[in-house]
Amino acid sequence: MQEYQLTLKDKRIVWGRAIDIESLIGKYPSDSIRQGVNAALDWNLPAGVYRAKEVVMELDKMLEAMLVQLGKPVNGDPTVLLDSLQANLAISGHQSSLPLGPLALKDKAGAELTAQAVRIGEQLVSWAREINSEKNALAKYGPETLGKLEFRSHCYGHSLIPEANAQVWGPYGGPKIMQIYNEYLHQFVLLRDALLPFANWEEVPFEVKEHTGFKGLRFLEPAREIFLTQLLGKKLTHKSIIRYAQSVVSSGLTAAGYGFQYRLGTVLPAGLGESARTAVRYLLKWHPVQTIAADETQDMAAVIFDYEHADYYAAPRNEAGKGSPVNKNGLPISGEHDDEPSTARLLPNVGTDRTTLRFNLEMEGREFTVDLGQLFRGHRFLYRPNRNDNADAAVAKRDSLSWHLAADILSYSGLVTNTDGIHFIPTGGNELVLWALLGKLYPENVVLLDKGDKEELKAAYVSGKGFGTQFLVL
């Protein structure tokens, strides 16, 4: 069995069994251009496993059919139609199908998804231009066949730029062209929105089944409507992102945890394998790995990964104690760091009704384990130093400073907190130790430092709640 692994500089996170997805992509039992009503031809995505670019390739067949049907005035030039697609996938402007730009969402989830919408939209349009320039559909089907493409597109509301509107409704256009173009735009919008939860969206494989009454990706519309209502209403949670992602990849799961396994891999928060200082907090990442083993004769089971403690507030807690003194600069007196672990393992704990994952590492000859879900929760809740004018006054009031070895903190059962004071925990720059601490510290007033110099410490003291027990992880 080949284990799957993530690498972060010289560190590794290892788990499960790596799976081969490439062999499943692009194998479809039928064509997307098929017999429709009477002599007309229809378009639909055939059942199979897709990634984003494979869908764009199938959508290009509609664009090439439109260019053929528009005839000589267009001469096969897709510029205007693709410019209108770009306007639809933008996050601002009259034609935007998802106007996140004007909303200027400030919450972390909203900000991450706004940036994600921009990235995905730009890349999809780039692929659409690139693929159409190759004219593969025209070479495969010929102008006579593409000229017969005609269907009803049950969708309204996609605005066109004036040039596209004139072209589609001009003397060589009309309702037939508009129906195809409307479907073309709508499928791209569905594709962009479906991929919003995934940081590595280009790689995510998802299964399309041909549903009666649903064309292409339209089977995603109910879940998409709920998700966008939460996003635009600023009521989006990590769990709602997970739920939407489960629907996108046709996992069959209805309840949600912090991640999941489905037939084509494992989906976890995107921070895993990244630096905790820069990793996104709400996006997800797909991994080609079977985390929970299945019988060799069976498909991978769909599994929800649950938090060890659904409510961290109710989880058992232990106090870290006073710790050791710091020097006059507020830094640990000892420069000694714990032995550095180079590998962490994810270990499943499969119960009768729920599955949890443990983040396991060895340090100083001892083994330490934290709940993976709590680790991600700690990352979402952590603070970064935030300089303000009250920093000097706040420093003067904070006279109870100490430091702790990471191994001591990780050795406690439950979550670690304290009654008062500021507590430094140096990690020696080890990202595995840092992530483990985020899963062990009670996620209320934890600040992650970059350098620990005097100015950063001043900013850290007034970060978070600005009062009460504080843990500074360096």
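The values are calculated or read from the model by the stated rules, or taken from the named source; none is laboratory data. This one's a predicted model, so the numbers in the text were calculated from it and none came from an experiment. Neighbour counts are summed over all protein chains in view; Cβ atoms, including those assigned to glycine, are modelled from backbone coordinates with ideal geometry.
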Yes/no for P348 being modelled with pLDDT of 75 or more, part of a loop (DSSP other than H, G, I, E, B), surrounded by 16 or more Cβ atoms within 10 Å (Cβ to Cβ) and not hydrophobic (A, V, I, L, M, F, W, C): no
Residues satisfying the stated conditions in the range 353-381, i.e. farther than 10 Å from Y307 by Cβ, part of a helix (DSSP H, G or I) and among the charged types (D, E, K, R): R380
Tally of residues being in a loop (DSSP other than H, G, I, E, B), aliphatic (A, V, I, L, M) and modelled with pLDDT under 95 across the range 97-118: 2
Cross-chain or 6+ apart pairs with Cβ under 9 Å, the range 207-221 first and in contact (Cβ under 8 Å) with a residue 60 or more places away in the chain and within 17 Å of A52 (Cα to Cα), then aliphatic (A, V, I, L, M) and in a strand (DSSP E or B): E207/V49; V208/V49; G216/V208; L217/V208
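In the range 29-59, which residues are of a type in the set (D, E), under 23 Å from P143 (Cβ atoms) and under 29 Å from the mean Cα position of the chain (by Cα)?
To start, the set of residues in the range 29-59 that are of a type in the set (D, E) comprises 31, 42, 54, 58.
Then drop every residue that is not under 23 Å from P143 (Cβ atoms), which leaves 31, 42, 58.
Scanning the range 29-59 gives a single hit, E58.
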Some residue of the range 62-80 being assigned by TED's automatic domain parsing to the domain that holds I180, within 26 Å of the chain's Cα centre (by Cα) and outside any strand (DSSP E or B): no
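Of all residues being of a type in the set (A, V, I, L, M, F, W, C) and closer than 19 Å to T417 by Cβ in the range 377-403, which is modelled with the lowest pLDDT? Just the residue, please.
Narrowing the range 377-403 to residues of a type in the set (A, V, I, L, M, F, W, C): 381-382, 391, 393-396, 401, 403.
Next, from what is left, pick out any that are closer than 19 Å to T417 by Cβ: 381-382, 401, 403.
On the way: F381: 95, L382: 95, L401: 83, W403: 89.
Ranking the candidates gives L401 first.
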Qualifying positions in the range 460-474 - in contact with a helix residue (DSSP H, G or I) (Cβ under 6 Å, 6 or more places away or on another chain) and part of a helix (DSSP H, G or I): Y461
Residue satisfying condition, being aromatic (F, W, Y) and surrounded by fewer than 20 Cβ atoms within 10 Å (Cβ to Cβ), within set F260, F227, F214: F214
Within the range 232-250, tally of residues that are at pLDDT below 95 and surrounded by 19 or more Cβ atoms within 10 Å (Cβ to Cβ): 1
Residues (among the hydroxyl-bearing types (S, T, Y), crowded, with 17+ Cβ neighbours inside 10 Å and under 21 Å from A301 (Cβ atoms)) located in the range 4-34: Y4
